[in-house]
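Visitor: There's a structure below that I have some questions on.
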Amino acid sequence: MGFYLRMRRAMVALSTLSALVVAWFVLTTVTGLISSGRFPDPFATWAAMRQLVSPGYAGSTLVVHVVHSLTLVLGGFMLASTLGVSLGLLMGWSRKAEAFINPIFLLLRPIPPLAWIPLAILWLGLGDAAKIMVIVIAAFVPNVINTSTGVRTIEKTVFEASQMLGTPRWRFVGEVLIPASLPAIFTGLRLSLQAAWTTLVAAELVGALAGIGLVLNVAQQDIYPAMILSAMFVVGVLGWLMTLLLGFVERRALAWRTA
Amino acid sequence: MGSISFDNVGKVFGAGAGALVALEGITLTVADKEFVAIVGPSGCGKTTCLRMVAGFERPSSGNISVDGKLIVAPGPDRAVVFQQFALFPWKTVRGNIEMGLRNKNMSLAQRMPLVDAALKLMNLESHANAFPHQLSGGMQQRVAIARAYVLDPAVLLMDEPFGALDAQTRVVMQEELVRLARLNPRTVLFITHSVEEAVYLADRVAIMGRRHGRIKAIVDIKSVRLAEQWDQLERIEDVMEQESFVHLRSSIWKSLREEK
Ligand SMILES: Nc1ncnc2c1ncn2[C@@H]1O[C@H](COP(=O)(O)OP(=O)(O)OP(=O)(O)O)[C@@H](O)[C@H]1O
Ligand SMILES: [Mg+2]
């Protein structure tokens, strides 16, 4: 995309968002059409946000909550991606492996990741380990599916060219199999990151010592809508930033398609 | 060295009621440094012949050997140039050409001069660091040819390598291949739909029939080319205007027509 086109898109996005904030302001503060008990006005939300940043809320400051949540989500995401992409490569490459693993997969897939939370807590307690387990379960699946589909849709001639050139096994995996499936792998990674983030926030709602989900949970118990909204805002912005970062990595990694 | 020999080769796809006899009783020898083209109607089994030499398919009966050794698997001694190029799009031109040499465990110092020579031979020096999608079809096919040549293979296998190119690029590539064949003669098995291309490039042309994939006739071109001194002519259209060329072309063409 050209610089001007990008600027224009950014301007449009900015004006949409400003319009939304103005509407919010009009509906709450100015006209009172929505009562502040149900939905906080911009000022209350701003105040709650400042409180969250410092002195803090639900036991810690915003930075501590965010660092805690991000550590878990990135740890879980990386673990899930490493496992999921490896398994996906194996299942895409070997019909035998696929025949063995797929039935287990079909059995477990209809279970929503959040349904694992009770078992995870029972096994691993309310701490971080249980959350990592649930994140891994949630984030693992899209990686496996997309990677194995990616491998299976590689053109036959790519394999044949690689055989003809006498490519040894590990170089084949690293320089042919993985790059050829990389576009599909990244589709999986994007879905997986979303799943990891959603699942983490949900898991923290159930029980946590710190984290952005805990803020939401405590704010609900305190009947503090402005804080809920602030925390939701933080969840949204963090999710957006992570996707943005992954998109940046993807463009670098797939530069050979567009360079 | 590099001679290919088909000894009474048959190929059947599938089994039982759905079995399809693709090839039967193919016997053909391509001598060292000889350029043999195969022409024949669509579906007669040309690609299957080439894929068996490459090691991608196994004959159902008979033997295929290169330099007397039976073919068991694909390998860099039998380099293939695919119709759809089959380059690695995530590797640069240099990376693509270099891959086979790295697989032979050559050091960078050993590979560099070979890759540079291949780039020069195919007029690709200025695009060494480009990715395949940045190149035109003709250039991509030149990369594929360079990738095959640099392996220093015993035989080169080309399945309609210029089929995906437009007419002008095709002519340029044909001239290029003739130039290459003179500079650096190879054993080549070349498949094409174009009779003109076969007569222009090959030492011998094998004509395949439609029924049960047999070789119907083998036409010697080389003796005519030498006698008529086609090699003195610079451009492809000059060769194609020669009476001897026209005569060979139409006799092969007639033989093919009987098949349709
Ligand atoms: N893997 C396969 N499985 C089953 N049948 C096949 C397979 N490969 C080729 N065939 C059949 O074998 C016959 C010969 O095919 P082949 O591709 O060798 O023909 P061809 O002469 O190269 O044709 P074209 O000129 O159209 O490329 C065809 O009838 C084709 O359908
Ligand atoms: Mg064919």
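The values are calculated or read from the model by the stated rules, or taken from the named source; none is laboratory data. Computed from a prediction, not measured in an experiment: that's the story for all the values here. FYI the Cβ positions are ideal-geometry reconstructions off the backbone, even for glycines, and counts take in every protein chain you see. Quick note on the areas: whole protein, heavy atoms, side chains included, nothing else; ligands and nucleic acids left out. Shrake-Rupley method; radii C 1.70, N 1.55, O 1.52, S 1.80 Å.
Visitor: Would you be able to say whether some residue in the range B:220-242 is within 16 Å of ligand 2 (Cβ to nearest atom), assigned by TED's automatic domain parsing to the domain that holds B:L23 and not small (G, A, S)?
Guide: Within the range B:220-242, none of the residues are within 16 Å of ligand 2 (Cβ to nearest atom), assigned by TED's automatic domain parsing to the domain that holds B:L23 and not small (G, A, S).
Visitor: Six or more apart or on different chains, Cβ atoms under 8 Å: show the pairs whose first residue is in the range B:41-55 and touching a residue at least 40 places away in the same chain (Cβ under 8 Å) and more than 6 Å from ligand 1 (Cβ to nearest atom) and whose second is open to solvent by 20 Å² or more (accessible area, probe 1.4 Å) and among the aliphatic types (A, V, I, L, M).
Guide: Hits for this filter: B:M52/B:I71; B:V53/B:I71.
Visitor: What tally of residues in the range B:69-90 results from selecting those that are assigned to a loop (DSSP other than H, G, I, E, B) and touching a residue at least 40 places away in the same chain (Cβ under 8 Å)?
Guide: Total satisfying the criteria: 9.
Conditions tested, residue by residue: (1) more than 13 Å from chain A (Cβ to nearest Cβ); (2) in contact with a Leu (Cβ under 9 Å, 6 or more places away or on another chain).
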residue: B:D77; (1), (2): no, yes
residue: B:G100; (1), (2): no, yes
residue: B:N105; (1), (2): no, no
residue: B:V115; (1), (2): yes, yes
residue: B:K120; (1), (2): yes, no
residue: B:L124; (1), (2): yes, yes
residue: B:N129; (1), (2): no, no
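Visitor: Only one residue in B:A54, B:A73 is open to solvent by 40 Å² or more (accessible area, probe 1.4 Å), at the interface with another protein chain (Cβ under 10 Å from one of its Cβ atoms) and under 21 Å from B:K11 (Cα atoms), so which one is that? Break it down stepwise before answering.
Guide: Numbers: B:A54 fails: open to solvent by 40 Å² or more (accessible area, probe 1.4 Å).
Testing whether each residue is open to solvent by 40 Å² or more (accessible area, probe 1.4 Å), at the interface with another protein chain (Cβ under 10 Å from one of its Cβ atoms) and under 21 Å from B:K11 (Cα atoms) leaves just B:A73.
Visitor: Oh, and also: May I ask you to say which residue of B:A217, B:A206, B:A154 is open to solvent by less than 40 Å² (accessible area, probe 1.4 Å), modelled with pLDDT of 95 or more, among the aliphatic types (A, V, I, L, M) and closer than 22 Å to B:V30 by Cβ?
Guide: On inspection, the qualifying residue turns out to be B:A206.
Visitor: From the set of residues in the range B:165-204 that are outside any loop (DSSP other than H, G, I, E, B) and within 16 Å of ligand 2 (Cβ to nearest atom), which is farthest from B:K254 (Cα to Cα)?
Guide: Residue satisfying both the conditions and the ranking: B:L189.
Visitor: Any chance you could count how many residues in the range A:125-174 are surrounded by 19 or more Cβ atoms within 10 Å (Cβ to Cβ) and among the acidic types (D, E)?
Guide: The total comes to 1.
Visitor: Kindly evaluate B:F82 against the criterion of being under 16 Å from the mean Cα position of the chain (by Cα) and either more than 30 Å from B:V39 (Cα to Cα) or within 12 Å of chain A (Cβ to nearest Cβ) (or both).
Guide: yes
Visitor: Please find, within the range B:136-163, the residue that is farthest from ligand 2 (Cβ to nearest atom) out of those that are within 12 Å of another protein chain (Cβ to nearest Cβ) and in a loop (DSSP other than H, G, I, E, B).
Guide: Among residues in the range B:136-163 that are within 12 Å of another protein chain (Cβ to nearest Cβ) and in a loop (DSSP other than H, G, I, E, B), the one farthest from ligand 2 (Cβ to nearest atom) is B:V150.
Visitor: Here is a check on your reading of the model: is B:V93 open to solvent by less than 20 Å² (accessible area, probe 1.4 Å), more than 9 Å from chain A (Cβ to nearest Cβ) and under 17 Å from A:E160 (Cβ atoms)?
Guide: Spelling it out, it is not the case that B:V93 is open to solvent by less than 20 Å² (accessible area, probe 1.4 Å), more than 9 Å from chain A (Cβ to nearest Cβ) and under 17 Å from A:E160 (Cβ atoms).
Visitor: Restricting to the range A:210-246, and then to whatever is surrounded by fewer than 12 Cβ atoms within 10 Å (Cβ to Cβ) and assigned to a helix (DSSP H, G or I), can you tell me which residue is nearest to the other protein chains (Cβ to nearest Cβ)?
Guide: For the range A:210-246, the residue satisfying everything is A:L245.
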